[in-house]
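Enquirer: The structure follows.
The values are calculated or read from the model by the stated rules, or taken from the named source; none is laboratory data. Note that the coordinates shown come from a computational prediction; the quantities given were computed from them, not determined experimentally. Here the Cβ is made from the backbone with ideal geometry for all residues, glycine too, and neighbour counts use every protein chain on show.
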Amino acid sequence: MPAVRLETKRVEKPWGRMDLWPGFDDVAPGGSPVGEIWFQQPGGGDPDLLVKYLFTSEKLSIQVHPDDAQAQARGYPRGKEEAWVILAAEPAATIAIGTKEPMSADELRAASLDGSIEDKVVWHPVKKDEFYYSGAGTVHAIGPGLTLVEVQQNVDLTYRLYDYGSDRELHLDDGVAVSDPVPYVPPYTPETIAPGRTILSDSPKFVLERWSCTGTGTLYSDGRPIWLVPLAGAGTIDDADFTAGGVWLADGETALTLGAGTDLLVAYTGPGRNDAIWS
């Protein structure tokens, strides 16, 4: 089956930006800020994963996502675990992930209500090329001044715990119930397994790799569709050019050529990595 270029959906957000990223048109004068660009299958569908670009000018809400069982109990197809690859960061950019100390449900609720949760999460300074994996139940927020790629389980389900006094809806009952408010410990350590091929995360939900290799070969899906996210460089997939700013979904055997300067994210559902993915 030929690889498919996914369609883009621009999502306006109050914390978004007017200037986006090479490969995307900036917002026209008088338009609303765009915070996310989603990549979706032509004609719809419900694949297991969703790839997004995020562009931030303000702090996102302090929030949490449920796991599969918790989400399915509310009628959703799956929960939400996500991973972030930082493409650009202003000097003071931060991401909040995890709490300074373990908190009880009552403490988390009280801190969310009075706003002290903002000082009880850990705001980590971030820079270009850093990677974070946020599992279900992780209390987190993305700060301003960031451009990043997010790979996540494909569900639009976020519980806001605190939103800095805005009038947007909070979800304290659901959010506190699914939260695991503890200090963040990175669950995965990036592992280079071959020249130009690094495994960023190998979770039961999805595997995320980053490639800088070059050459011509065949991509083997191993029964699991593969999302290809070129960040830089150029190449071809099934003899069609692909460049940064697009996302392709491959299934089966796919001809792939990676040129000089390749920087490519490769994602597929877990568990277990596909060691014979390209040859």
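Enquirer: Being under 16 Å from the mean Cα position of the chain (by Cα) and of a type in the set (D, E, K, R) is the filter here, so list the residues in the stretch 68-82 that pass it.
Expert: Answer for the stretch 68-82, where residues must be under 16 Å from the mean Cα position of the chain (by Cα) and of a type in the set (D, E, K, R): Arg78, Lys80, Glu81, Glu82.
Enquirer: While we're looking at this one, here's another question. Right, Val182: part of a loop (DSSP other than H, G, I, E, B) and touching a residue at least 60 places away in the same chain (Cβ under 8 Å) or not?
Expert: Considered against the rule, which asks whether it is part of a loop (DSSP other than H, G, I, E, B) and touching a residue at least 60 places away in the same chain (Cβ under 8 Å), Val182 comes out as yes.
Enquirer: Now for a separate question. Among the residues in the stretch 77-89, are any out of contact with any strand residue (DSSP E or B) (no Cβ under 8 Å at 6 or more places or on another chain) and without any contact (Cβ under 8 Å) to a residue 40 or more places away in the chain?
Expert: No, there is no match, as no residue in the stretch 77-89 is out of contact with any strand residue (DSSP E or B) (no Cβ under 8 Å at 6 or more places or on another chain) and without any contact (Cβ under 8 Å) to a residue 40 or more places away in the chain.
Enquirer: Can you run down the residue pairs with Cβ atoms below 7 Å, 6 or more apart or on separate chains, where the first is in the stretch 90-115 and under 11 Å from Val182 (Cα atoms) and the partner is of a type in the set (S, T, N, Q)?
Expert: Ile97/Ser134; Ile97/Thr138; Gly98/Thr138; Leu108/Ser179
Enquirer: OK, next. Going through Ser212, Ser279 one at a time, which residue ends up being of a type in the set (Ser, Thr, Tyr) and in contact (Cβ under 8 Å) with a residue 60 or more places away in the chain?
Expert: That would be Ser279, the only listed residue that is of a type in the set (Ser, Thr, Tyr) and in contact (Cβ under 8 Å) with a residue 60 or more places away in the chain.
Enquirer: Being in a loop (DSSP other than H, G, I, E, B) and touching an Asp or Glu at 6+ places or on another chain (Cβ under 9 Å) is the filter; apply it to the stretch 224-251 and report the residue that is surrounded by the most Cβ atoms within 10 Å (Cβ to Cβ).
Expert: Once the filter is applied, the top-ranked residue is Pro225.
Enquirer: Any residue in the stretch 11-23 that is surrounded by fewer than 20 Cβ atoms within 10 Å (Cβ to Cβ), modelled with pLDDT under 95 and hydrophobic (A, V, I, L, M, F, W, C)?
Expert: yes
Enquirer: Residue by residue through the stretch 3-35, note down the ones that are of a type in the set (A, V, I, L, M), within 22 Å of Ser166 (Cβ to Cβ) and without any contact (Cβ under 8 Å) to a residue 24 or more places away in the chain.
Expert: Once the filter is applied, which keeps residues that are of a type in the set (A, V, I, L, M), within 22 Å of Ser166 (Cβ to Cβ) and without any contact (Cβ under 8 Å) to a residue 24 or more places away in the chain, the stretch 3-35 yields Met18, Val27.
Enquirer: Also, I was wondering about something else. Residues being assigned to a loop (DSSP other than H, G, I, E, B) and either over 10 Å from Pro66 (Cα atoms) or of a type in the set (Lys, Arg) (or both): count how many of those fall in the stretch 168-179.
Expert: 4
Enquirer: For the stretch 159-174, give me each residue that is surrounded by 15 or more Cβ atoms within 10 Å (Cβ to Cβ) and among the polar types (S, T, N, Q).
Expert: Passing the criteria: none in range.
Enquirer: Could you tell me whether Leu200 is in the same structural domain as Leu108 (by TED's automatic domain parsing), at pLDDT 95 or above and not basic (Lys, Arg)?
Expert: Considered against the rule, which asks whether it is in the same structural domain as Leu108 (by TED's automatic domain parsing), at pLDDT 95 or above and not basic (Lys, Arg), Leu200 comes out as no.
Enquirer: Of all residues in the stretch 186-209, how many are within 18 Å of Asp48 (Cα to Cα) and either without any contact (Cβ under 8 Å) to a residue 60 or more places away in the chain or outside any loop (DSSP other than H, G, I, E, B) (or both)?
Expert: Residues in the stretch 186-209 being within 18 Å of Asp48 (Cα to Cα) and either without any contact (Cβ under 8 Å) to a residue 60 or more places away in the chain or outside any loop (DSSP other than H, G, I, E, B) (or both): 6 in total.
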